[in-house]
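The values are calculated or read from the model by the stated rules, or taken from the named source; none is laboratory data. What you see is a predicted model; the values in this text were computed from it and never measured. Note: ideal-geometry Cβ built from the backbone for every residue, glycine included; neighbour counts use all protein chains shown.
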Amino acid sequence: MGEPRAMPDVEIWPADVGDLDELVEVYLSAAAHHVAIDPAVYEIPTAADAAIRWQRRVESRGPDVECIVSVVDGRVVGSASIEMIPSNGIGSMIHPLRIAEIGLGILDGYRGLGIGQRLIAELEGWAVDHGIERVVLVVADANEGALRLYRRLGYVADGVVLRKEVAPR
Ligand SMILES: CC(C)(COP(=O)(O)OP(=O)(O)OC[C@H]1O[C@@H](n2cnc3c(N)ncnc32)[C@H](O)[C@@H]1OP(=O)(O)O)[C@@H](O)C(=O)NCCC(=O)NCCS
């Protein structure tokens, strides 16, 4: 067994369009992880399509959306975003809480160093500052490592999304 790796010096910054290439690299690395654990659901997008996605996300930063990066030795090695979820609308039986959804990914080779936890803490702080009462995130059942981290940070299961493949008649 190797030596435990120390937490590197990590800076956290708002994401910028200048980070686009590295944001795509982080996203494709996270996509590869997901394809490995559940190829029935996930795929690896092209870098060009991922760049469009991330440019839109970065440009949507504002009162309802934040997107941040973690930087080690000048390199973007992780990203995280949070986005306000629209309310359930009039007449809903669900408590009208202000809810936001979190997503994050760390570049392969930089995982398990405490960077994901730092990014989540940063986004939870943003949530509190923006009057958010609950944060949610979607994680695959098969993503056991990620689930362990989220549970340790106080996240609990909230219902179950069921799926079934249906064939054409
Ligand atoms: C899940 C993820 C965001 C966590 O960030 P991280 O920086 O690796 O996590 P931290 O170092 O802050 O916390 C360590 C915990 O993360 C979890 N973890 C998940 N993947 C891990 C990995 N490859 N290596 C080490 N820890 C991992 C473990 O629970 C670990 O805690 P443990 O050592 O007590 O088991 C990151 O590993 C990642 O991007 N994984 C691939 C993509 C992904 O699953 N994204 C999340 C989608 S919901």
Practice item. Would you mind listing the strands (runs of 3 or more DSSP E) fully within segment 67-161 where at least 3 residues are within 15 Å of the ligand (Cβ to nearest atom), modelled with pLDDT of 95 or more and among the hydrophobic types (A, V, I, L, M, F, W, C)? Key: 75-84, 99-106
Review point. Cβ-Cβ below 7 Å, separation at least six or inter-chain, first residue in segment 28-41 and more than 20 Å from SER79 (Cα to Cα), second within 11 Å of the ligand (Cβ to nearest atom) and of a type outside the set (A, V, I, L, M): which pairs?
Key: ILE37/ASN143
Check your understanding: Does ILE12 fit the bill of being hydrophobic (A, V, I, L, M, F, W, C), surrounded by 15 or more Cβ atoms within 10 Å (Cβ to Cβ) and at pLDDT 95 or above?
Key -> yes
Revision key, fill the gap. Just one listed residue, out of ARG111, ARG169, ARG152, ARG163, is over 16 Å from the mean Cα position of the chain (by Cα) and within 21 Å of PRO8 (Cβ to Cβ), and it is ARG152
Revision key, fill the gap. Picking from ARG148, ARG111, ARG152, ARG118, the residue that is out of contact with any Cys (no Cβ under 7 Å at 6 or more places or on another chain) and closer than 27 Å to HIS95 by Cβ would be ARG152
Practice item. Go through the residues of segment 143-157 one by one and say whether even a single one is among the aliphatic types (A, V, I, L, M) and surrounded by fewer than 11 Cβ atoms within 10 Å (Cβ to Cβ). Key: yes
